[in-house]
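J.: Please find one structure pasted underneath; my questions will follow.
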Amino acid sequence: MMRTRRQIKNPQAESAGYRRRAWAGFAIAALLLCVLGARFVYLQVVEYEQFHIRSEANRIKPRPIVPARGLIYDRNGRLLADNVPAYRLEVIPEQVKDVDALLADLGQVLPLSEDEIADFRAAFRVKRGFHPVPLKLRLTEAQVAAFAVQRYRFPGVDVAPYLNRRYPYGDLFAHVIGYVGRIDTRDLETLDATRYSGATHIGKSGIERFYESRLHGDVGFEQVEINAEGRDLRVLDRIPAHSGEHLILSIDVDLQRAMVDAFEGQHGAAVAVDPRTGEVLGMVSLPSYDPNPFVNGIGRQAYADLLNAPPRPLFNRVLQGNYEPGSTIKPFVGLAGLELGLRKPGDTTFSSGAFRLPGQQREYRDWRRGGHGNVDLREAIAQSVNTYFYKLAVDLGIDRLTEYTGKFGFGEKTGIDLPGETVGVLPTREWKRRERGQVWYPGETVIAGIGQGFWVVTPLQLAQATATLAAGGRKHRLHLLRATQAGFDSPQVPEPMPPEGPPLVSNPANLAAVIEGMVAVMHGPTGSARAAAEGVDYLIAGKTGTAQRVGRTSDAQIDINTLAFDLRYRALFIAFAPADAPRIAVMVVVESGASGSKTAAPVARRILDAWLGKNPA
């Protein structure tokens, strides 16, 4: 049996090997410590500023302070646009990892409509990370409480207080004040991102849109320290917001309500102006709508119903309604004849019931069968004699006729402080050549003399022109803003706007002759609207107008009651009073009426009574 050989240990060799391994390990550890130390130095010294900023950004949240929107008042201090406290649910994009999951979970806590989700997604895509995006507005107290219980589940989501716009008078001022609405993607493309930080609403129409820059105010900011869960701990710094300016309008609530009531449910428009200043005292477009649902986003179906309703309540007839002026243009044509020396007040024209151009067989009828006989300017206006103005228009020619009447503002914007105003049509040779590619025909001059043919005016233009007559030929720009007020300071009332240029009438006697005819319309024995002036204790200067929407095929008179409602005449009326010292000028159009004298003049009479009864001389 062989004896196993025993291995003899070498302590010295083992010790040397251990020392080698220990030194190698120490060297590696030392090298790693040096690398780690170098990295610490790099991060703490070289990159200190960058990481300090990041750390502070994680600890401190910049939060915009949205300014309170300026309030809007009528001329007597009654509130037309108010701010009321409310709560909204908002989301900070940078703290949300999965939007779909968030919306699904939130939907189990609070009801979220399809419109709210769609609006949120659209805003979420374009908002900067730390700016909150509103998800649900006007939370009820029960909804606030329900979310508060589940708040821990939704980092980056919170309930925030805000001021919600409210219109106390509802549909009474919808076409004047307009409304604010949620900021959408189109707004974000043009807005100043800093000035609108944290803002959710912007003026969409009316005064709210036109004076948006003054109503919005200046945003403030605060630095808020937060914990790891994103909850506020304390405010470190604060730059206060500055509220928007309060606006005081020239509109009068009582007159506005009286104007609506005067229509007695009919569709149309009316404008009341102080001819001495150009201040708009009342302005209605009927039917109207309630702007309050638009503030936080009206439902798509509800909006479609309003948009497609046959009476078109969203359509602002005062700014954008295009109407043939009809016989309301006659005082201006008559004044053109006097001012340009083609007529004297006593010159007469014979009305046989039909007018013909030399060498033509076509007849241009008067409204009275058999005519009116010999009439001067006064009776031509009082009885609205077409033949007088047919002949005068031919003598003037279309160039002189439109050049003079254009001075009163026809064919151009009035410049009122509202967005969306249209210009109508001042019928000229150049306009027809440009728009129709056709030459001007003599017969078109004939009917232009009575406000037909290519003539198109807006209620604002007729109101401004009427106010210019009332002001002795001095034209004022129509405006709604009367004064401004910053915070609780006293109102800043500007100086009255001066007339735009020199008087449009060179001889006051000519204007007096035209006004005499307009007074005879209301108070003369042959006046076309004398029934509307019965019992009045002040002088009214007025003029009727009727724009037919169907033509006659024979001499037989059309029975208005046999026409479909949407084919009935457009009834117009212009007036100012008291005629000897005017304090109000009015324009009325009723869209489906009988005539200017029967339908529109009574509406104007009620408006005049409401204002002059409240503001006696």
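The values are calculated or read from the model by the stated rules, or taken from the named source; none is laboratory data. No experiment lies behind these values; they were computed from the predicted model shown. Every residue, glycine as well, gets a Cβ built from its backbone with ideal geometry; the counts of neighbours run over all protein chains shown.
J.: Mind listing whichever residues of the stretch 68-125 are in contact with a Ser or Thr (Cβ under 6 Å, 6 or more places away or on another chain) and more than 22 Å from G220 (Cβ to Cβ)? First the steps, then the outcome.
T.: Filtering the stretch 68-125 down to residues in contact with a Ser or Thr (Cβ under 6 Å, 6 or more places away or on another chain) leaves 68, 75, 122.
Listed by number, the residues that qualify are R75, A122.
J.: Additional query: What's the number of the only condition in (1) among the basic types (K, R); (2) modelled with pLDDT under 80; (3) surrounded by 11 or more Cβ atoms within 10 Å (Cβ to Cβ) that R6 fails to meet?
T.: (3)
J.: Here's something else I'd like to know. What is the number of the single condition among (1) without any contact (Cβ under 8 Å) to a residue 60 or more places away in the chain; (2) of a type outside the set (S, T, Y); (3) farther than 27 Å from L462 by Cβ that R343 does not meet?
T.: (3)
J.: Considering only residues that are closer than 23 Å to D192 by Cα and out of contact with any helix residue (DSSP H, G or I) (no Cβ under 6 Å at 6 or more places or on another chain), which ones fall in the stretch 95-123? Show your work before the answer.
T.: First pass over the stretch 95-123, keeping only residues closer than 23 Å to D192 by Cα: 119-123.
Scanning the stretch 95-123 gives D119, F120, R121, A123.
J.: Can you go through K407, K330, K344 and tell me which one is among the basic types (K, R), surrounded by fewer than 22 Cβ atoms within 10 Å (Cβ to Cβ) and assigned to a helix (DSSP H, G or I)?
T.: Working: K330 fails: surrounded by fewer than 22 Cβ atoms within 10 Å (Cβ to Cβ); K344 fails: assigned to a helix (DSSP H, G or I).
So the residue among K407, K330, K344 that is among the basic types (K, R), surrounded by fewer than 22 Cβ atoms within 10 Å (Cβ to Cβ) and assigned to a helix (DSSP H, G or I) is K407.
J.: Another question about this same structure. For the stretch 347-377, which residues satisfy the criterion of being out of contact with any Phe, Trp or Tyr (no Cβ under 7 Å at 6 or more places or on another chain), touching a residue at least 40 places away in the same chain (Cβ under 8 Å) and buried (at least 22 other Cβ atoms within 10 Å of the Cβ)?
T.: L377
J.: Next question. Tell me, yes or no, whether the stretch 410-429 has at least one residue that is without any contact (Cβ under 8 Å) to a residue 40 or more places away in the chain, part of a helix (DSSP H, G or I), assigned by TED's automatic domain parsing to the domain that holds A380 and farther than 12 Å from F332 by Cβ.
T.: Yes, the stretch 410-429 contains at least one residue that is without any contact (Cβ under 8 Å) to a residue 40 or more places away in the chain, part of a helix (DSSP H, G or I), assigned by TED's automatic domain parsing to the domain that holds A380 and farther than 12 Å from F332 by Cβ.
J.: Return yes when G326 is touching a Leu at 6+ places or on another chain (Cβ under 7 Å) and either of a type in the set (G, A, S) or farther than 30 Å from Q461 by Cα (or both) and no when it is not.
T.: Numbers: touching a Leu at 6+ places or on another chain (Cβ under 7 Å): yes; either of a type in the set (G, A, S) or farther than 30 Å from Q461 by Cα (or both): yes.
It is true that G326 is touching a Leu at 6+ places or on another chain (Cβ under 7 Å) and either of a type in the set (G, A, S) or farther than 30 Å from Q461 by Cα (or both).
J.: Only residues that are under 19 Å from G178 (Cβ atoms) and in a loop (DSSP other than H, G, I, E, B): list them for the stretch 256-308, please.
T.: P287, S288, Y289, D290, P291, N296, G297, I298
J.: Can you go through K407, K432 and tell me which one is basic (K, R), at pLDDT 95 or above, farther than 14 Å from G278 by Cβ and within 28 Å of the chain's Cα centre (by Cα)? Break it down stepwise before answering.
T.: On the way: K432 fails: within 28 Å of the chain's Cα centre (by Cα).
None of the others qualify; the one that does is K407.
J.: Before we move on, is F263 of a type in the set (F, W, Y), crowded, with 16+ Cβ neighbours inside 10 Å, closer than 30 Å to V446 by Cα and modelled with pLDDT of 95 or more? Walk me through how you get there before you give the answer.
T.: On the way: of a type in the set (F, W, Y): yes; crowded, with 16+ Cβ neighbours inside 10 Å: yes; closer than 30 Å to V446 by Cα: no; modelled with pLDDT of 95 or more: yes.
For F263, the condition - of a type in the set (F, W, Y), crowded, with 16+ Cβ neighbours inside 10 Å, closer than 30 Å to V446 by Cα and modelled with pLDDT of 95 or more - is not met.
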